[in-house]
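Every number in this text was worked out from the coordinates using simple rules, so none of it is lab data. As the structure is a prediction and not an experimental result, all values here were calculated from the model. Please note: Cβ atoms are built from the backbone with ideal geometry, for glycine as well, and neighbour counts cover all protein chains shown.
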Amino acid sequence: MVQDAKAGLFDVLLVYDTSRLSRNWRQAGFYEDELHQVGVCVAYIHEGQLSSGPGQLQVVVNHAINEDWLDKHREKVRQGYRVHRFERGKYSGRAPLGYLMEYENRFNPTKRADEPIETGRLLPDDLPQPRIGFGDLYGRADLVRLIGQLYASGMYGAGSLAAHLNRQGYRNKQGKPFTDSAVRVIVGNPTYVGLLAWNRKKKRLDGEEPELIEGGHEPLWSPELWEQMGVVRQRQRTGSPGGRRRHAYPFRALVTCDRCDAKMFGEPHRLHAYMACPTQRGRHGCEQRAVRSAKIESQVETWLRTLRVPEDWRIDIERMQRRVATEGRRAPKVDTKRIEGQLVRLRELFVLGDVAREEYVGRKRELEASLDSAQDQPTYAEAVLVKAARLLNDLGDLWARATPDERTEIAQNLFAGIRVRDGEIVSARLARDEYLPLIASAEARVWMARPEGFEPPTY
């Protein structure tokens, strides 16, 4: 329409009612301005008003009334679904994989005939389906049970599990291969454990727990299996093994839009990671544009470079270092039997799977070097203290050299929440009160105010 107006194909747009142009007053105003710039006027037939000239105030009021009516109508429909469907244990929407919707015949007086009406009760889908390339059959309900067991084992992430299902000849309802996003939807759906969720997607975006009630359908997963799957989901969300991620989002579940208070989510675009506002993505009026994650990370790095170890922390660390070093000098220079015993125990832990391969190889080399050079390695406590003292004064460099997963760990442990507006951090909350003395030492406090009662250390 706007392109045709710019091409000069018409100079008046006839609209029956203001609600027919848009029920969003911002969007309606945007289109009117676009048309006015190319010399086109909008004529509203039912109201007898023009978008330009006298009577514009009434047009604006009508747009606002239309949006208010839509909001109230949407809320009434939502409440109707809640009272007559959700609270009665009836499922609404398309039946998920593994279930079929139950139907019953009811007489329709308008059509004067019986017609099938869905009851809101889910039935397990045991209809036989062919396994591609294997020649046998399976039921989709059994497939969902298998997906739950495989995912709860912790051996598969969403991507690897989807690939495994496709190799085994399983397909989704449309007969197409599984994707990692489809697997994530399945393993996070409480319907399979016999529950119904109210407004689950919106609650998740707002960082809230969804409201769950018992449904009237047969569960495909046990509560114990669902609990174990929750542990696996949480571990994979924080970046532990189980499914490759193309992008890491250090500020996942931390960043909030300062305009509409919605939790921003991570999304990839042209090989870059962004934090996007769900309200803006849903076209509900928020003006917050997506922010490249690297831009937020750069602001955090700049701030971290201003931190200095508080004086009382420095004194405590140095005192502990002296005590550990003194205790080490009293011990024999090299305890060969102790080091050999550590090698044996380290090998046993690696065989049992309690130690990762990288950690095993690194620690093994240290112990073997200690035996070869006849010099004992620093104790674990001493090594931790030395590392802590160095890192606390070089948090900015640590952040710059960290991998995306390491940045995620730092951000999740340091911050409880971050608010962003127009690509800039406007405020942040710390994860622990114990960090307040460190924040008081910051030379720059652009979006992190100095805590009341704390003064920066003097050297």
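For region 271-291, name all the residues that are in contact with a strand residue (DSSP E or B) (Cβ under 9 Å, 6 or more places away or on another chain) and touching a residue at least 40 places away in the same chain (Cβ under 8 Å).
Correct list: Met275, Pro278, Gln288, Arg289, Val291.
Give the residues of region 10-26 that are surrounded by 12 or more Cβ atoms within 10 Å (Cβ to Cβ) and acidic (Asp, Glu), sorted by residue number.
Correct list: Asp17 only.
For region 342-360, give me each residue that is assigned to a helix (DSSP H, G or I), surrounded by 11 or more Cβ atoms within 10 Å (Cβ to Cβ) and among the hydrophobic types (A, V, I, L, M, F, W, C).
Across region 342-360, the qualifying residues are Leu343, Leu346, Leu349, Phe350.
Do we have Leu100 as among the hydrophobic types (A, V, I, L, M, F, W, C), in contact (Cβ under 8 Å) with a residue 24 or more places away in the chain and in contact with a strand residue (DSSP E or B) (Cβ under 8 Å, 6 or more places away or on another chain) here?
So Leu100 passes the test.
For residues in region 249-270 being of a type in the set (Lys, Arg) and touching a residue at least 60 places away in the same chain (Cβ under 8 Å), which is surrounded by the most Cβ atoms within 10 Å (Cβ to Cβ)?
Ranking the qualifying residues of region 249-270, first place goes to Arg252.
Would you please name the residue that is farthest from Cys286 (Cα to Cα), looking only at residues in region 395-433 that are crowded, with 16+ Cβ neighbours inside 10 Å and among the charged types (D, E, K, R)?
If we take residues in region 395-433 being crowded, with 16+ Cβ neighbours inside 10 Å and among the charged types (D, E, K, R), then Arg407 is farthest from Cys286 (Cα to Cα).
Report, by residue number, each residue of region 35-58 that is among the small types (Gly, Ala, Ser) and over 11 Å from Thr18 (Cα atoms).
Gly39, Ser52, Gly53, Gly55
For region 23-45, enumerate the residues that are on the phi < 0 side of the Ramachandran plot and assigned to a loop (DSSP other than H, G, I, E, B).
Arg23, Asn24, Val38, Val40, Ile45 - these are the residues of region 23-45 that are on the phi < 0 side of the Ramachandran plot and assigned to a loop (DSSP other than H, G, I, E, B).
Restricting attention to strands (runs of 3 or more DSSP E) lying wholly within region 61-136, give those where 3 or more residues are surrounded by 13 or more Cβ atoms within 10 Å (Cβ to Cβ) and of a type outside the set (Asp, Glu).
In region 61-136, 99-108, 113-124 are the strands (runs of 3 or more DSSP E) which contain 3 or more residues that are surrounded by 13 or more Cβ atoms within 10 Å (Cβ to Cβ) and of a type outside the set (Asp, Glu).
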